[in-house]
1. For region 66-78, indicate whether the set of residues that are part of a helix (DSSP H, G or I), touching a residue at least 24 places away in the same chain (Cβ under 8 Å), within 17 Å of the chain's Cα centre (by Cα) and buried (at least 21 other Cβ atoms within 10 Å of the Cβ) is non-empty.
2. Among the candidates Glu60, Glu126, Glu85, single out the residue that is in a helix (DSSP H, G or I), over 22 Å from Leu212 (Cβ atoms) and among the acidic types (Asp, Glu).
3. Within the bounds of region 164-184, is there any residue that is in contact (Cβ under 8 Å) with a residue 60 or more places away in the chain and of a type in the set (S, T, N, Q)?
4. (1) out of contact with any Lys or Arg (no Cβ under 8 Å at 6 or more places or on another chain); (2) surrounded by 24 or more Cβ atoms within 10 Å (Cβ to Cβ): which one isn't true of Ala20, the others all being true?
5. Within region 105-120, can you find the residues that are assigned to a helix (DSSP H, G or I) and either in contact (Cβ under 8 Å) with a residue 60 or more places away in the chain or surrounded by fewer than 17 Cβ atoms within 10 Å (Cβ to Cβ) (or both)?
6. Within region 124-134, identify whether any single residue is more than 15 Å from Val75 (Cβ to Cβ), without any contact (Cβ under 8 Å) to a residue 40 or more places away in the chain and touching a helix residue (DSSP H, G or I) at 6+ places or on another chain (Cβ under 7 Å), and answer yes or no.
7. Starting from region 82-104, take each residue that is closer than 17 Å to Cys119 by Cβ and list its partners that are outside any loop (DSSP other than H, G, I, E, B) and among the acidic types (Asp, Glu), counting only C-beta distances under 7 angstrom and pairs at least six apart or across chains.
8. Within the group Val12, Val45, Val62, which residue is at pLDDT 95 or above, over 29 Å from Asp231 (Cβ atoms), under 19 Å from the mean Cα position of the chain (by Cα) and of a type outside the set (S, T, N, Q)?
Amino acid sequence: MVRPLEFFDANVMAGRPRVAPDPIPWESRPLARLLDEFGIAEALVRHVGGKEVDANWGNERVLAATREDARLHPVWTAMPAGTGEVPPPDAFCDRMRQNGVRVAAVFPTSHNWSLADWCAGPLMAEFEARKVPVLLDQDEAGWPAIAAVLAAHPGLRLILIGGTYRNSRFLYPLFARHRHLYLEISGWQQHRALESAATTGHAGHLLFGSRLPLYTPGSALAAVTYADLSDADRRRIAGGTLRRLIEEAQP
């Protein structure tokens, strides 16, 4: 008997973006209900307010949005502490642990700071030491900055969100150099992309994600379900790798 895939979604957003279609698909349905409808077992959940309003405000809202269902894992928005708007990195991670949060997200372009070590070094070093996975939207940093932060912090678990089919020539060299770099695949739709990654030994870098509720998860679900992959690689992409990252995190 074939075991069903247990999808763990790396890219779900709570709250209404300032720029969004009207109406947002499935906006009125609770996130947990959407997971059930699409056969997704668990999800990381960010709050749009953490990006568009204020990190601390968004972090409180995402706790409220995920509190009623253990399948919804809150993600906190982080930023460097130089201005005093957020606690120092060690205290921030302690607060994450106290609130059951094991994953962080950063928005350096939207929040006007740099991933470079002169600005974000202490924050990235703390996440690296505690094995906290960090979500980074690909349009929030250029490839040189992504490569630099990975080189400076080789143990950092960095998950790129929102990549596209045009990214492969950047990604493959980075995958080869950095074992803790991961890609959420909802936007990485190209012919036999998953098979190509598996053939070159990179399936372990790929994570299922949907971009719910703004987009349908259908294309990403189909890509993982029907790609010509080994059972082991399919299950790693569907959720196995992300579950391992969550279990290893020590905020």
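The values are calculated or read from the model by the stated rules, or taken from the named source; none is laboratory data. Predicted model only: the values in this text are computed from it and were never measured. Methodologically, a virtual Cβ is constructed for each residue, glycine included, from the backbone with ideal geometry; neighbour enumeration extends over all protein chains shown.
1. Yes, because at least one residue in region 66-78 is part of a helix (DSSP H, G or I), touching a residue at least 24 places away in the same chain (Cβ under 8 Å), within 17 Å of the chain's Cα centre (by Cα) and buried (at least 21 other Cβ atoms within 10 Å of the Cβ).
2. Exactly one residue qualifies, and that residue is Glu126.
3. no
4. (2)
5. First, pick out the residues of region 105-120 that are assigned to a helix (DSSP H, G or I): 117-120.
Matches in region 105-120: Asp117, Trp118, Cys119.
6. Yes, because at least one residue in region 124-134 is more than 15 Å from Val75 (Cβ to Cβ), without any contact (Cβ under 8 Å) to a residue 40 or more places away in the chain and touching a helix residue (DSSP H, G or I) at 6+ places or on another chain (Cβ under 7 Å).
7. Pro89/Glu126
8. So the residue among Val12, Val45, Val62 that is at pLDDT 95 or above, over 29 Å from Asp231 (Cβ atoms), under 19 Å from the mean Cα position of the chain (by Cα) and of a type outside the set (S, T, N, Q) is Val62.
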